[in-house]
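To start, the structure under review is shown below, and the notes come after it.
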Amino acid sequence: MKNRNIEIKRNIKRFLLIVMASIVMAANIKILVRSGGLFPGGFTGITVLLQQIFKKYFDFGLSFSVVNISLNAIPIMISYKTIGKKFTLYSCLMIVLTALFTDLLPSFTITHDILLISVFGGIISGCAISLCLFAEATSGGVDFIAIFLSEKYGINSWNYILLGNAGILMIAGALFGWDKALYSIIFQFTSTQIIHGWYKRYHKNTLLVITDSPEEIIRTIYQHTGHGATIINSIGAHNKQERTLVYSVVSSDEVKKVVSYMKEVDEDVFINIIKTEQLNGNFYLKPND
């Protein structure tokens, strides 16, 4: 019963985060992105680009929701089979809500300064995508690809996705002017750095723990993160007493939680937390459900 209540609360939290993220994303598109004539990344950018092309060359307005949902159909099917069922379903909810809110929300201009639009639009976009990722979902399109690469290879792939968006901007620049395409790079770079800074699932930290309760510390690390650890026997340099060093690597988003639990086990524990730049070998990553 307790586990069921926890799961219900978790699902409610995920749902609310998705709704919030979709509203922020749609409002950003209607208020800033379109005011500046920018092209966001991924399938959202492709959708906006197609809308601009049909409006300029065919005098025909495409529905954002129809185009965006259609483009996401194949990545959704791949994600359902390779990443996770709930993850994909919540991502579908994000895609549908963002598309609907983008069609329904009114459009108005708060500034004509394209540099401000590029910077703050990118910040808001990054915040919206981060909210979505905190809900264990994605905003769709190339984000599915980013999550797939991160899950499969254990890398933070968002900066690689930034490079992939260059193709969209090349087309946009050729058709609608290079100034908008270049400002769009600022938008996408800002958005990517916000995600990179906020979402730490694929960042890793090394824990060097000196403790008198090594077995309890190791059990705590494994229980709350699923990661193993190594015991290293050592000698204190000052008093020459034998000490125990526990070595482990965990995801950055797990550090605060596991450190708190370790302090409960041993209030005198000494912990050195080091940012891990590269890691080779098997590293457990909790799967997306």
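The values are calculated or read from the model by the stated rules, or taken from the named source; none is laboratory data. Note that the coordinates shown come from a computational prediction; the quantities given were computed from them, not determined experimentally. Neighbour counts are summed over all protein chains in view; Cβ atoms, including those assigned to glycine, are modelled from backbone coordinates with ideal geometry.
Things worth noting here:
- Search result, residues across the range 95-141 that are under 21 Å from residue 63 (Cα atoms), in contact with a helix residue (DSSP H, G or I) (Cβ under 6 Å, 6 or more places away or on another chain), β-branched (Val, Ile, Thr) and surrounded by fewer than 24 Cβ atoms within 10 Å (Cβ to Cβ): 109
- Within the range 203-244, considering residues that are hydrophobic (A, V, I, L, M, F, W, C) and either in contact with a Pro (Cβ under 8 Å, 6 or more places away or on another chain) or part of a strand (DSSP E or B) (or both), the one nearest to residue 280 (Cα to Cα): 207
- Residue match in the range 89-112 (condition: over 17 Å from residue 29 (Cβ atoms) and among the acidic types (Asp, Glu)): no
- Those residues of the range 67-94 which are among the small types (Gly, Ala, Ser) and either touching a Cys at 6+ places or on another chain (Cβ under 8 Å) or surrounded by 19 or more Cβ atoms within 10 Å (Cβ to Cβ) (or both), in sequence order: 79, 84, 91
- Unmet requirement for residue 279, which otherwise passes all of (1) over 24 Å from residue 198 (Cβ atoms); (2) among the hydrophobic types (A, V, I, L, M, F, W, C); (3) modelled with pLDDT under 90: (1)
- If you go through the range 245-289 and keep only what is without any contact (Cβ under 8 Å) to a residue 60 or more places away in the chain and in a loop (DSSP other than H, G, I, E, B), you end up with 266, 267, 268, 277, 278, 280, 281, 282, 284.
So that you can scan it fast, the table gives a plain yes or no per residue for (1) assigned by TED's automatic domain parsing to the domain that holds residue 124; (2) crowded, with 18+ Cβ neighbours inside 10 Å; (3) modelled with pLDDT of 80 or more; (4) within 20 Å of the chain's Cα centre (by Cα):
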position	(1), (2), (3), (4)
155	yes, no, no, yes
159	yes, no, no, yes
164	yes, no, no, yes
167	yes, no, no, no
170	yes, no, yes, no
179	yes, no, yes, no
183	yes, yes, yes, no
187	yes, yes, yes, yes
193	yes, no, yes, yes
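- Tally, over the range 264-289, of residues that are surrounded by 13 or more Cβ atoms within 10 Å (Cβ to Cβ) and over 30 Å from residue 81 (Cα atoms): 6
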